[in-house]
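Report on the following structure.
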Amino acid sequence: MSVRKRGEHWVVDISEKGRHRVQRVLKGVRTKAQALKAEARIRTQIFEKKFGLVERPECRFDKFVDNSFLPTKKLKKSYASIDSICKPLKNFFGKHFISEIDTEMIERYRQMRVQEKTRLARKRSPLRVNKEMQVLSSIFTLALEGVNCFKTANDDVSGLWRKDSLPNVRGRDGPFRTA
């Protein structure tokens, strides 16, 4: 049951398909029957998509990295480094869907990379593993922003800077000054 009493307030905790979690404190509810009715109302609103829970298409990790993440990093100086970091990430997480990757899997990857030897049979630097974790974090951040994972590699990258993403404080139209 997802209705509980915490102190003086009733709390609703709802998970949909194990993914989306809605937690609400029900104010003004005094009895368990009222809390159950409120939970039923919230569940119907979720069912009717009033909470904005939009089903995203499932995307495999390797396809997302190739089609969505790497094209966004092409203009950076560190693209070669990011590309080389993505190779072992794709080897380990490649066949999994992004939604299936959890903290245990990431920790297994981290421990495996720390214990592995490099090409020259040296101990792998923890700095390198931390850089891989930073790139993995930026991959998940991009995935959470809702970037389409089904773009082709030839799609235009110019749409990455959005005018509506940040408020235009300086009164300019774009990222560069015009004369």
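For every residue, the table says whether it meets (1) closer than 15 Å to Ser137 by Cα; (2) assigned to a helix (DSSP H, G or I); (3) not hydroxyl-bearing (Ser, Thr, Tyr).
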| position | (1), (2), (3) |
| --- | --- |
| Phe64 | yes, yes, yes |
| Asn67 | no, yes, yes |
| Leu70 | yes, yes, yes |
| Lys76 | no, no, yes |
| Ser84 | no, yes, no |
| Glu107 | yes, yes, yes |
| Met112 | no, yes, yes |
- Message: Here are the criteria: (1) more than 29 Å from Arg21 (Cβ to Cβ); (2) surrounded by 11 or more Cβ atoms within 10 Å (Cβ to Cβ); (3) modelled with pLDDT under 90; (4) aliphatic (A, V, I, L, M). Tell me which single one Leu75 does not satisfy.
- Response: (2)
- Item | Test: Ile42 is surrounded by 11 or more Cβ atoms within 10 Å (Cβ to Cβ), of a type in the set (Val, Ile, Thr) and either over 30 Å from Leu127 (Cβ atoms) or at pLDDT below 90 (or both) | yes
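Results for (1) basic (Lys, Arg); (2) at pLDDT 90 or above; (3) over 30 Å from Glu58 (Cβ atoms), shown as yes or no for each residue.
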site	(1), (2), (3)
Arg122	yes, yes, yes
Thr141	no, no, no
Asn154	no, no, no
Pro167	no, no, yes
Arg170	yes, no, yes
- Message: I need the full set of residues from the stretch 86-105 which are within 15 Å of Ser137 (Cα to Cα) and small (Gly, Ala, Ser), in order please.
- Response: Ser99
- Item | Single condition Asn130 does not satisfy, out of (1) within 12 Å of Phe61 (Cα to Cα); (2) in a helix (DSSP H, G or I); (3) over 16 Å from the mean Cα position of the chain (by Cα) | (1)
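The values are calculated or read from the model by the stated rules, or taken from the named source; none is laboratory data. What you see is a predicted model, and the numbers here were worked out from it, not measured in a lab. Every residue, glycine among them, receives a Cβ derived from its backbone with ideal geometry; neighbour counts consider all protein chains shown.
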